[in-house]
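A short write-up of the structure that comes next.
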Amino acid sequence: MTSDVLVIGSGAAGLTAALNLADRFSVTVLAKGRLDEGSTAWAQGGIAAVLEPGDTFEHHVRDTIVAGAGLNDRATVEFVVERAPAAIERLAALGVPFNVAENGGNGWHLTREGGHSHRRIVHVDDATGWAVQDALLRAAHAHPNITLVPDMVAIDLATSRHEMRYSGAGHVHGVYAYNRGTGQVDLYTARATILATGGAGRTYQFSTAPRGATGDGIAMAWRAGARVSNMEFMQFHPTCLFHLEVKNFLITEAVRGEGGRLINPTTGKRFMTYYDAERLELAPRDVVARAIDAEIKRFGLDFVHLDISHRGPDFVKAHFPTIHARLSELGIDMTREPIPVVPAQHYTCGGVVVDRDGRTDLPGLYAAGEVSQSGLHGANRLASNSLLECFVFGEAAANHIAAHWDDLPPPPAIRPWDDSRVTDSDEEVVIKQNWTEIRRFMWNYVGIVRTTKRLERAQHRIKMLQEEVADYYGHFRVTPDLIELRNLLQSAELIVRSALHRHESRGLHYTLDYTDTLDAAADTVLIP
Ligand code: FAD
Ligand code: SIN
């Protein structure tokens, strides 16, 4: 199938790009499962924008760079921060029902999160992502130029190497994708392709991210020859629910923003005073997650407590209705008792290198959202800057495509997928086992506190698993699980290689072998 523009991913970044292109171009949007299955729909806290009287763009820029431990690209931070208020207005116009100010004013209600010097987070209760995903999907469904294709698992980008008559131009022409409905591999071509496939959180055993966050876009771009950067900066959210059955339910940072306190269940004491006496629970995420990790290890705990019961039942239920309802189902009454929490992987700060137009290294290939490394987040993302990045870069990529349309060649004839030399596998169990193994050792060896020895151990295991999977891939027909496992391993390899490359501790990368932060800040850029 051919369209003007192909978007891989139907979250905030992909749908924003599609909606900004569709008045002029035909756009096909692929999703590997349901259209609302990415991280966007799971977002809780909200979207950061300078809207409070007394707040300034410079404050937001500074907070972003402080959280990012100085590794951010300042011009990109300014680019994003300055576009935030307009992005919020456009979402409101699309029908996102942001909460309005409690004092009856005509502005939005702004909540607060870690690392922000001002109230800055617009939100829809504690389920902002669901409202955003819903509004974007409704608009996309209604647009006659947008074709939404769920259950289509992108495998690899179609590049010059796949042309019937090899041009050597290095251009990306589209993607090969596994069709869950037919079991066949289909070819989608376009003049421009936008990767909006989200992050790689599921490389870790404990993650707040949905099942599909397997780093597919990062791995596909890397295999096609694009640079990938800053993969060592995997963000761990401080407060994921600790529960024996429910492993990945986030307790939004806004709970701490509205006064929630972290307590050591053994001592009964509020422990952030020892780790960051000034910012306490509202220090940036890397600081709070490391503090919880240290407390858990020091006292042999399974979890720490997050307590907001002092704000009273009416306040808690009004501000956090979704979390309150879910915890009640699990027998926890957050209006009266503390919530057991642990850190869990949450966000991929690194990714495919893009410029401020969302362009990757490969002609015809753009990337936006969590799959990309735009320079916004540096060594640690500031809370609620991620959805914002999706809106700003989804639009920027669309604008660049529209402005340079005549420079983008129509796709040439591309070879169809060839699976004539492979057979069906009867060893699905191998894939499942490898999935579990990789996620476990990434958690144990490449977590919040690292050492060179552990990273090398992980690297060795990844290499062995990659050889096994490459062999498997060469002999058997692809399945969605095999596609994801191959990408998960590639993402893990890039994370570990980047972590070994950084001989300092900065932001989310903390290693006992290099505890100092170097004076000069530099991205880790990997070249295929
Ligand atoms: P996603 O929304 O993850 O979408 C990825 C899309 O790509 C999906 O449609 C998926 O099907 C598709 N895809 C992936 N691989 C393939 C493939 N191989 N083939 C075809 N399609 C594919 N950020 C904030 O700013 N504020 C918050 O309050 C906030 N809360 C969060 C809460 C949770 C629990 C989580 C997990 C994250 C939160 N984040 C938050 C982060 C934010 O939600 C994400 O970074 C953001 O939504 C990513 O959007 P995206 O469009 O890049 O990708
Ligand atoms: C949260 O609500 O704590 C998540 C916010 C974010 O990831 O930016």
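Readers should treat all values here as calculations from the given coordinates under stated rules, not as data from a laboratory. Computed from a prediction, not measured in an experiment: that's the story for all the values here. Using ideal geometry, Cβ is built from the backbone for each residue, glycine included, and neighbour counts are taken over all protein chains shown.
Looking at the range 85-168, the trypsin sites (Lys or Arg not before Pro) that sit in a DSSP loop and have at most 11 other Cβ atoms within 10 Å of their own Cβ are 165. Shown for the chain are the DSSP H helices of 24 Å or more along their axis, judged by Cα atoms, with a mean Kyte-Doolittle hydropathy of at least 0.5: 74-94, 386-403. Quick one: which residues, 5 or more positions from residue 269 or on another chain, have an amide H under 5 Å from its amide H? H modelled 1.01 Å from N in the peptide plane, none for Pro or chain starts. Residues meeting the amide H criterion: 264.
Taking trypsin sites (Lys or Arg not before Pro) across the range 386-453, the ones in a DSSP loop with at most 14 further Cβ atoms lying within 10 angstrom of their Cβ are 421. Of the GluC sites (Glu not before Pro) in the range 209-283, the ones in a loop by DSSP (not H, G, I, E or B) with at most 10 other beta carbons within 10 Å are 245, 278. If you count Lys pairs in the chain whose Cα atoms are under 19 Å apart, skipping same-chain pairs closer than 8 places in sequence, the total is 5. Treating the range 226-293 as a set of equal point scatterers at the Cα positions, no solvent, please give the Debye-formula log₁₀ I(q)/I(0) at q = 0.17, 0.20, 0.23, 0.27 Å⁻¹. Summing over Cα pairs of the range 226-293 leads to -0.69, -0.89, -1.09, -1.31. Converting phi to 3J(HN,Hα) with the Karplus coefficients 6.51, -1.76 and 1.60 and the offset θ = phi - 60°, the range 259-270 yields x, x, 10, 9, 10, 7, x, 7, 8, x, 9, 7 Hz in sequence order, with x at every glycine or proline. Here the dipole of the chain is about 660 debye; that uses its Cα centre as origin and unit charges on the Cβ of Lys and Arg (positive) and Asp and Glu (negative). Between the amide H of residue 108 and those of 101, distances stay under 5 Å, these residues lying 5 or more places away or on another chain, with hydrogens modeled in the peptide plane. Of 266, 348, 208, 189, the sequence from fewest to most neighbouring Cβ atoms within 10 angstrom is 266, 189, 208, 348. The radius of gyration of the Cα set in the range 214-337, together with its Dmax, comes out at 17.3, 55 angstrom.
With neighbour counts taken as other beta-carbon atoms within 10 Å, the residues 187, 136, 489, 455 rank, fewest first, as 187, 455, 489, 136. Only DSSP H runs of four or more residues enter the estimate; each adds -39500 (n - 2.57), and after division by the residues of the chain the mean residue ellipticity at 222 nm equals -11500 deg cm²/dmol. Shape call for the range 1-124 from the C-alpha gyration tensor, a ≥ b ≥ c root eigenvalues: rounded (a/c under 1.5), prolate (a/b greater than b/c) or oblate? It comes out prolate by the Cα gyration axes. For the chain, the spherically averaged projection of the C-alpha convex hull amounts to 23.8 nm². In this structure the amide hydrogen of residue 155, modeled in the peptide plane, comes within under 5 Å of the amide hydrogens of 176, 177, 178, none closer than 5 places in sequence on its chain. Dipole magnitude for the range 132-256: about 160 debye, using +1 per Lys or Arg Cβ and -1 per Asp or Glu Cβ, origin at the Cα centre. Considering the dipole of the range 78-156 built from charges on the beta carbon (Lys and Arg +1, Asp and Glu -1) around the Cα centre, which of 93, 155, 139 is farthest to its positive end? Selected residue: 93. From least to most packed, judged by other beta carbons within 10 angstrom and beginning with the fewest, 40, 479, 159 follow the order 479, 159, 40. Ordered from longest to shortest, the equivalent ellipsoid semi-axes for the range 369-528 are 31, 29, 13 Å, each the square root of 5 times a Cα gyration tensor eigenvalue.
Rounded to the nearest Hz, the phi-derived 3J(HN,Hα) couplings of the range 179-192 under the Karplus curve 6.51 cos²θ - 1.76 cosθ + 1.60 (θ = phi - 60°) are 8, 5, x, 9, x, 9, 9, 9, 10, 10, 10, 6, 6, 10, where x marks glycine and proline.
The value of relative contact order for the chain, using C-alpha pairs under 8 Å at least six residues apart, is 22 percent. Remark: the range 108-177 projects, on average over all directions, an area of 9.1 nm² (convex hull of Cα atoms).
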